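The values are calculated or read from the model by the stated rules, or taken from the named source; none is laboratory data. These numbers come from a predicted model, not from an experiment. In this analysis, Cβ positions are derived from the backbone assuming ideal geometry, glycine residues included, and neighbour counts consider all displayed protein chains. For accessibility, only protein heavy atoms count, side chains too; no ligands or nucleic acids. Shrake-Rupley method; radii C 1.70, N 1.55, O 1.52, S 1.80 Å.
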Amino acid sequence: MTTPPGLPDALQHLRDRVASAPLGLATPGRDAAARTARSVVDQVDDYLLPRLRDLDAPLLTVVGGSTGAGKSTLVNSLLGARVTTPGVLRPTTRAPVLVCAPADRAAFAGDRVLPGLARTTGGEAGPGGLQLVVSEALPAGLALVDAPDVDSVVEANRDLAGQLLAAADLWVFVTTAARYADAVPWDLLRTAQERGTALAVVLDRVPPEAVAEVADDLAGMLRRARLDSARLFVIEERPLADGFLPDAQVAPLRGWLHALAADQEQRAAVVRQTLAGALGSLHDRVDVVVAGVAEQAAAAEALQAATDASYARARAAIDEGVGNGSLLRGEVLARWQEFVGTGEWMRSLQGHVGRLRDRVTAAFTGRSNPADDLAGALESGVELLLRAEADRAAEKTVTSWRTLPGGIALLDGRETELDGVSPSFAGASADEVRDWQGTVLELVRSEGAGKRSRARLMSWGVNGAGAVVMVAVFASTAGLSGAEVAIAGGTTAVGQRVLEAVFGDAAVRELAARARADLDARAARLLRDEQHRFDVLLEDVAPAPGADVELRSAAQALAAAHGAGA
């Protein structure tokens with residue numbers, strides 16, 4: 001036999017893709033996809049790549065079966081020596097035992113086959129190990145593995161049994177007359193059928209008087225399961241002789257195994273059957289992983305969309321809160337009135353810009369600074385708006401994640417930490433608002449730098465003019481009603497007239513627009529930083545774009561390489 005060119009490389013590439021399949025979100029299909037991915041990687045590492053690289057290596061025969069089926073006793077009886085320890089207590093076989101001929105020792109002493117299991121010689125292996133026994137009773141070209149129980153109460157034993165069966169060229173499946181119809185054996189036998197694995201079935205402990213009846217029944221079950229090509233061996237219930245089965249009972253199985261070892265053509269046929277079946281089974285199994293990755297991508301997309309929507313609503317709410325006049329309430333409104341004066345002063349505005357200038361200038365000569373008081377009130381109002389909407393966005397995101405696949409596990413007890421603003425938000429928002437106010441003052445200073453407007457600006461004061469610009473940013477009265485509209489709307493108009501006297505109408509509109517754009521950018525930056533807490537959780541587990549497509553492409557490339565060598 002020869003290995004098709006390019007097949008090992010295509011298989012390695014697929015293996016690496018499956019091993020790195022992103023399955024970090026707790027979606028409904030995640031566990032099944034993860035189990036399938038592990039089984040594919042294990043089989044590629046333990047069997048497919050080693051076998052493709054050495055098609056003439058000894059035939060690896062795994063003896064597996066249910067608890068108490070007599071696997072260890074059968075292996076010992078085939079060899080005529082105690083190489084593995086049967087026992088009454090369960091589970092008994094904690095580590096697998098691999099028996100090979102002296103000539104084949106080198107083939108199994110290294111990590112070519114089952115590389116994840118450390119080799120032990122001269123004694124029993126511990127968990128995660130493989131006991132290697134060399135026996136003259138086995139012919140060269142044949143190795144036997146006594147595997148743990150496939151239905152062991154110990155999960156690690158069950159997993160190891162499945163891993164060993166997937167690494168076998170040939171399964172020798174042992175069951176008993178009392179348990180041959182159990183569900184667990186048939187689940188594994190169906191797996192053998194799906195993967196095209198070469199198979200022999202040993203029906204153990206059959207009462208002599210029921211041999212024909214029980215054997216015919218099991219043979220019929222094998223036919224119906226499309227496993228009629230499996231060789232069936234029957235071992236009668238007979239007294240053990242010094243712990244061994246009567247030689248006449250194991251001779252047919254021993255003879256068949258030795259014949260396989262001696263006949264290169266038969267041995268090669270078994271290898272080809274199992275190898276082709278294992279390679280052919282990868283497509284459907286990888287499809288399970290692909291579906292799992294696609295499910296992960298959809299879940300991550302939904303979680304990201306929920307987060308984006310929550311913070312987009314927050315940005316829109318801040319935008320509305322800034323522009324609808326609702327910030328010109330309470331403290332801000334009171335400070336604004338102190339700054340520009342009373343309603344009587346406002347009514348005297350028409351045609352009396354000089355008097356307005358004198359009145360506003362007087363506001364800066366007392367012990368209190370109305371412009372600073374107004375700026376402080378605006379600062380607090382903007383900070384409260386930012387805090388309220390950032391809080392609401394975080395809470396909405398956590399609520400949405402709780403209802404979406406993968407969201408609860410991703411939060412993983414972080415709800416208290418994430419359902420409000422981060423600890424640094426208060427300081428960051430205060431800094432941004434103060435910096436924004438400083439930027440507004442700088443805009444006013446820059447706009448008033450010309451010779452024509454410098455004198456007027458000096459008479460009004462940069463802080464005073466800046467405060468009026470800030471109020472102009474919140475000039476809409478949509479959020480106010482009744483007397484608030486009259487006061488806020490009217491006094492805002494006064495402030496704009498004052499600024500127009502200094503800079504001109506167009507310049508005032510430009511100043512307010514630039515101040516508003518700067519505030520919007522700062523609010524967006526704060527919300528981006530808050531949203532990042534959620535984004536980073538997703539980034540750690542979300543599949544890269546096209547991860548499922550890359551997996552499917554790798555499987556198609558393997559199928560093409562396999563087909564080219566067929």
Task: Square roots of 5 times each gyration tensor eigenvalue, C-alpha, region 1-152, largest first, Å - done: 30, 22, 12
- [ ] On the protein heavy atoms, probe 1.4 angstrom, tell me the percent of accessible surface of region 95-198 carried by carbon and sulfur.
- [x] 51
- [ ] Quote the accessible area belonging to VAL288 in square angstrom, nearest 10, computed with a 1.4 Å probe and with ligands, DNA and RNA left uncounted.
- [x] 60
Task: Debye-sum result for region 404-447 in log10 I(q)/I(0), which assumes one identical scatterer on each alpha carbon, at q = 0.20, 0.24 Å⁻¹ - done: -0.71, -0.83
Task: Alpha-carbon radius of gyration plus Dmax, which is the widest Cα pair, for region 137-294 in Å - done: 16.8, 58
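Compute the semi-axes of the equivalent ellipsoid of region 69-179, taking the square root of 5 times each eigenvalue of the Cα gyration tensor, and list them largest first in whole Å. Write down the numbers at each step before the final one.
Numbers: eigenvalues 86, 54, 34 Å².
In descending order, the three semi-axes are 21, 16, 13 Å.
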Task: Exposure ranking of LYS71, LYS396 by accessible area [1.4 Å probe, largest first] - done: LYS396, LYS71
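What FRET efficiency comes out for the pair ALA312/GLN556, r = Cβ-Cβ distance, R0 = 51 Å, nearest 0.05? Write out the running numbers ahead of the final one.
Working: r = 39 Å, r/R0 = 0.76.
In this case the efficiency is close to 0.85.
At a 1.4 Å probe radius, which order do MET221, MET470 fall into by accessible area, largest first?
Numbers: MET221 40, MET470 5 Å².
Output order, biggest surface exposure first: MET221, MET470.
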- [ ] Provide the FRET efficiency to the nearest 0.05 for the ASP187-THR85 pair, computing r from the beta carbons and using R0 = 30 Å.
- [x] 0.65
- [ ] Please work out whether region 219-331 counts as rounded, prolate or oblate from its C-alpha gyration tensor, where a ≥ b ≥ c are the square roots of the eigenvalues and a/c under 1.5 means rounded, while otherwise a/b larger than b/c means prolate and anything else oblate?
- [x] prolate
TODO: Consider just the alpha-carbon atoms of region 186-226 and return their Rg together with their Dmax, both in angstrom.
DONE: 11.6, 35
- [ ] Once you have all Cα-Cα distances for region 155-230, histogram them in 10 Å bins from zero and send the whole-percent values.
- [x] 18, 52, 26, 5
- [ ] Roll a 1.4 Å probe over the protein chains and send me the accessible area per residue for region 132-270 in Å².
- [x] 44
Open item on the list: Rounded to the nearest 10 Å², what accessible area does ASP228 have for a 1.4 Å probe in the complete protein model?
Closed with: 110
TODO: Measure of size requested: the Rg and Dmax of region 509-552, with Cα atoms as the atom set and Å as the unit; please supply both.
DONE: 18.3, 58
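Which sequence of SER326, SER135 reflects their accessible areas, 1.4 Å probe, from the largest down?
Accessible-area ranking of SER326, SER135, largest first: SER326, SER135.
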- [ ] Show me 379-388, 419-428 ranked by packing, highest mean number of other Cβ atoms within 10 Å first.
- [x] 379-388, 419-428
